[in-house]
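Notes to accompany the following structure.
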Amino acid sequence: MVLLVPTVGGLLSFRVHTFATVEPASDFVESLSPPELREGLVAFWVLQSPPDPNAEASTSVEVVVLVRDPEREDHVHLTSFVDMESAESFVRLEVRKGLDLQQVLVYWAALVSVEADGAGSVRLSPSMPPSTAVDISVQEEEAAAALAQEEAAAALAQEEAAVALVREEEAAAALVREEEAAAVLAQEEAAAALVREEAAAALVREEAAAALVREEAAAVLAREEAAAVLAREEAAAVLAREEAAAVLAKEEAAAALAQEEAAAALVREGAAAALVREEAAAALVHEEEAAAALVREGAAAALVREEAAAALVREEAAAALVREEEAAAVQEAEEEAAVALVREEAAAALVREEAAAALVREEAAAALVQEEAAAALVQEEAAAALVQEEEAGAALVQAEDDGEEEIGDREGPGIDEVVDEVRRVLEVKRWDKSSNLFGGFESPPGKF
């Protein structure tokens, strides 16, 4: 007995269960869960030949075609027919469409009804397969059956050949399609590979270009930094040159200023020295003229006195004449000595002024020493002049005494006037340490 249990969602698709007797088949049906599976259940006895026509008419007999599922061997698709010819035609047609003949099962089937009572018990009817018809001439039937089988085999072979040819054609077409698809796929893969290679090459080129750009940017940056460093160095050098030039200019300006100041000082010193020399010369000239005038006046006065003395001498004794001549000689000598003294003092003053101008250009210490030495020399000369003045004064006093004794109360030029005039000419100013060392001495017409 064959039980076909419908699959979930399947159309004429069943799961095959086979049993040798009815009892285990009944137990299996009772065990089905959910019970709704019993509604679509198909049960039949499998027969190898048509049933006996004299059998019970209530048994329904059909030809069933079972096509196995290639992926699930216990699953089949069910198709039933009323006779064998229709079933065989169906099988031939399906084989032409590509159905594998090895997956096809064709049976005579005696249908079995499935009934369940209220207690859940299941009854399968008929419980035994029906009997088949027995032909008295078995050989004829066997021969006819063999012929039919041969014809069926030949037809089946033709159908299989046709199916094989169709399959070969389909396989060839499929192979062609596969080859074409493979070629297309290969072309697509080659194109994709080419695209990938081109993309990789483009990426490499872009990376190389980017690297080149980075290198160029780095080179440009390095050149800019080098230029900046060079510019800074040049700016520093220019600044250093400018500072050096400024320092040199300052030094040159300072040197020029020092030279100008030295030149100015030298000019001032020269001018001062020239002025001093001019003043000294002028003073010397004035003093010489004054001394000459005084000498001339003194000489005239002396001549008058001498003439008066001569008159007196001529009037008086020869001794008085001799004394007058001696007095005149002494007076003349004194006058000459006074003129010589004035000249010496003027020359000494000029020398002192030149020495003072030279001492100004020397250092302070040396100048001070030289000034002190000059002051000492001036003091000595003043002392000598004072001594000479005192000697001259003493000589004049002696001459006056002698003149008074000889002349007496005679009228004539007064000896006192002559003495006063000589003293005025020979008057010398004493040096004062607190005053200017080179102030000179007072004498008409000015101060030397």
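The values are calculated or read from the model by the stated rules, or taken from the named source; none is laboratory data. Predicted, not measured: the structure shown is a model, and the values here were computed from it. As a convention, Cβ positions derive from the backbone with ideal geometry for all residues, glycine included, and neighbour counts pool all protein chains shown. Heads up: the accessible areas ignore ligands, DNA and RNA and are worked out on the full protein's heavy atoms, side chains in. Shrake-Rupley method; radii C 1.70, N 1.55, O 1.52, S 1.80 Å.
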Has segment 398-413 got at least one residue that is modelled with pLDDT of 80 or more and either assigned to a helix (DSSP H, G or I) or not polar (S, T, N, Q) (or both)?
yes
Subset of segment 338-370, residues charged (D, E, K, R) and surrounded by fewer than 16 Cβ atoms within 10 Å (Cβ to Cβ), comes to 343, 344, 354, 361, 362, 363
Can you name the residue in segment 11-32 that is in a loop (DSSP other than H, G, I, E, B) and either in contact with a helix residue (DSSP H, G or I) (Cβ under 6 Å, 6 or more places away or on another chain) or in contact (Cβ under 8 Å) with a residue 24 or more places away in the chain (or both) and, of all such residues, is surrounded by the most Cβ atoms within 10 Å (Cβ to Cβ)?
19
Tell me yes or no: at least one residue of segment 63-73 is open to solvent by less than 40 Å² (accessible area, probe 1.4 Å) and modelled with pLDDT under 90.
yes
Checked against (1) touching a residue at least 60 places away in the same chain (Cβ under 8 Å); (2) farther than 21 Å from residue 14 by Cα; (3) out of contact with any helix residue (DSSP H, G or I) (no Cβ under 8 Å at 6 or more places or on another chain); (4) open to solvent by less than 60 Å² (accessible area, probe 1.4 Å), residue 47 satisfies every condition except (2)
When you scan segment 165-173, do you find a residue that is in a helix (DSSP H, G or I) and in contact with a helix residue (DSSP H, G or I) (Cβ under 8 Å, 6 or more places away or on another chain), even just one?
yes
Any idea which of 256, 319 is of a type in the set (Gly, Ala, Ser) and more than 30 Å from residue 396 (Cβ to Cβ)?
256
Answer from 303, 312 - the residue that is open to solvent by less than 30 Å² (accessible area, probe 1.4 Å), more than 60 Å from the chain's Cα centre (by Cα) and farther than 22 Å from residue 388 by Cβ
312
Note: among 147, 105, 165, 93, just one is at pLDDT 90 or above, out of contact with any Pro (no Cβ under 9 Å at 6 or more places or on another chain) and open to solvent by 70 Å² or more (accessible area, probe 1.4 Å), namely 93
